[in-house]
Structures are given as C-alpha cells and as structure tokens.
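Here's the structure we're looking at; comments come further down.
Each value in this text was obtained by applying a stated rule to the coordinates, not by laboratory testing. As the structure is a prediction and not an experimental result, all values here were calculated from the model. Here the Cβ is made from the backbone with ideal geometry for all residues, glycine too, and neighbour counts use every protein chain on show.
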C-alpha cells in the first residue's frame, strides 16, 4: 500500500494551503467522478462520500506543492485511491445475501437479520448530479460501471487488485501510472490485472448487459412492477417479474429465486395487506431503475424500502435488491413521507 508521501501527500510540508480560487477551479469539476470511483472501491455511498471529503482535505493541504508531473486529475485519483485503500485495510468485504453462499430461501420462513455483516449499499444517481437536472456527462457517469452486479463483483477482489482494475480498465491509466499510484511495480500491476480479469469477467458482462436494455422497455417494466404492487395484485406482480428473478433484502441474510417465490415473499412479510397500502416514487441508483417504496401509516405513506431494480431484454424485472435505510431516500432526493392529498 502506498504511503501518503508517495501518493503525492506530504503532510510534513503542508503550509497554509493553496490559493482557494485556483484549487477550487481545478479540482471541483472532478468531485462527482471521484465519488463514483470511491464508491466502486468502498461499496458504500456514505463511505465513498467520507473518502471524497478526506481526499479533498488532503489535496488542499498538499496542493501548494503539486509539481505538475501528472495532471491534476491523475493526482486527485491517486489521493482518492490511497484514501480508500487506507480505509479498507481494516474493513470487511461488503456483500449481498447471495454472496454468503447459501441456497435460495423459503419465502414463507421467518426472516433472519444479520447485523454483523458489512452489506453492500446502493449509490443513488442523484449523488452524482451537481444540479436538479443532470448534465449529459453526469448521466453517462451514473451508467458507467456502477451497477449493483459490477460493484458486488468488485468487492470480491482484494482491495489492491480492485484498485488496479479500476485504475487500468475504468480510468484508463497506464501500467506505469498505476504502479506509481499504488507504490508498486509495473510487473505487479500487470499480474494483478490478469488475475482480476480472470475472476471478474462475469461482473463486467453484467454491467454491459444492463446498459443494453431499451429505455422505453425498461420504463414500461418498472411501471408494471409499481402498478402491480400498488394494486396489491399477486398475479400481476408475478407477471411483472422474470421467471428467474432474484430478490435480496439486506440485512436479511437469505436470497430468493423465481417470480412466484419473490411475490410470495412480499405477501408473507410485507405489512401491506391491500390496494393503496403501498405507494412508489421512481428514481435511479447505480445506473439502474430504482423505486422508493412507501407504506401507509394513518392517512400518509412513510419511507419503507429503497429498491434497486434490473430489467432484462424481455422487459421483465429480473433482479431486486431492497434496502431499509431511510437515509437512502434522502440521498436519492426523495421525501420521507408522502402526504395524503
């Protein structure tokens, strides 16, 4: 692992800091792409935000000594990568229930909550936007290599290998630049990249497949999914799902396979009992469709579950990952309560 000095951070020579306008002008446009990079490294939107804040603090302290031997962008990525590696040195691998290795669960059995696991978290696309309406560049960034499948696959790699793969394949740094960033040799970088490609090829494919779905078909699939649940129509829910759909809900440690089993899971464990008990707002996370699910409480509906969806080429929802952290609604720009009209 690279020390702070070899990463371009010499805390011992940090003075009063750079001229604020110059630093801000050169580094502010990089914030959203650095957030995406840190998310790929950390598997958590909140921890990625913390890493970006730490990156900017370290960069501010050292900017007066930046010598221009690389671009500011490369220098910032070097700091961000090593900030993440430092954090990951004492962190557990983030997983989803399917990654625990167990078979599909019985949807009618009691749910088993695991608070000892470090669960993967989603990245609401709104976190990558600098304004209420994303720019084309921000829309592209939110679709590039941040899908749930890709991010999950990345977490299976040791942190240093994860960094090599991202620097070389996603950021397109040279082997020499990657070696300098990580404080290692070009031979080590090339060896690590070869091992990464062998183990994560499936994750790369999943990211490409997600981008290939027709947007109109994806929108229709999400609308059918939402309509079926809001009407509390079991058969319509089954029809909206792919036959081989997978359903996961961390911190519960089981995963579920198949349209009928997934619908039965909801009918067994969700507090909703009839039409109108659930309402949804559509958004996006990890470059995929997502929905905020609200449960009726009195006359209003309160944030209940944030679901990231994937739609297959046939126009069916084939993957659902639900998260129960209300903070995700805030990160996605969604309200916590929907008031009755």
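Worth a mention:
- With the simple model of a label 7 Å out from the Cα in the direction of the Cβ, residue 273 to residue 300 spans 2.3 nm.
- Compactness of region 215-338, taken as the C-alpha radius of gyration over 2.2 N^0.38 Å, stands at 0.97.
- Compactness relative to 2.2 N^0.38 Å, alpha carbon Rg of the chain: 1.06
- Over region 215-338, relative contact order from alpha-carbon pairs under 8 Å, at least 6 apart, %: 25 percent
- Estimated FRET transfer efficiency (residue 71, residue 46; beta-carbon r; R0 30 Å; 0.05): 0.55
- Once the Cα gyration tensor of region 29-137 is diagonalised, semi-axes √(5λ) in Å: 34, 18, 10
- Spin-label model distance (nm) - residue 235 vs residue 172, 7 Å beyond Cα toward Cβ: 5.2 nm
- The calculated FRET efficiency for the pair residue 326 and residue 191, based on their C-beta separation and a Förster distance of 45 Å, comes to about 0.55.
- Sorting the segments 96-109, 301-314 by their residues' average number of neighbouring beta-carbon atoms within 10 angstrom, most packed first, yields 301-314, 96-109.
- Isotropic mean projected area of the C-alpha convex hull, region 285-338 (nm²): 4.1 nm²
- Of all the options 283, 185, 81, the one that moves most in a Gaussian network model of the chain with Cα springs shorter than 10 angstrom is 185.
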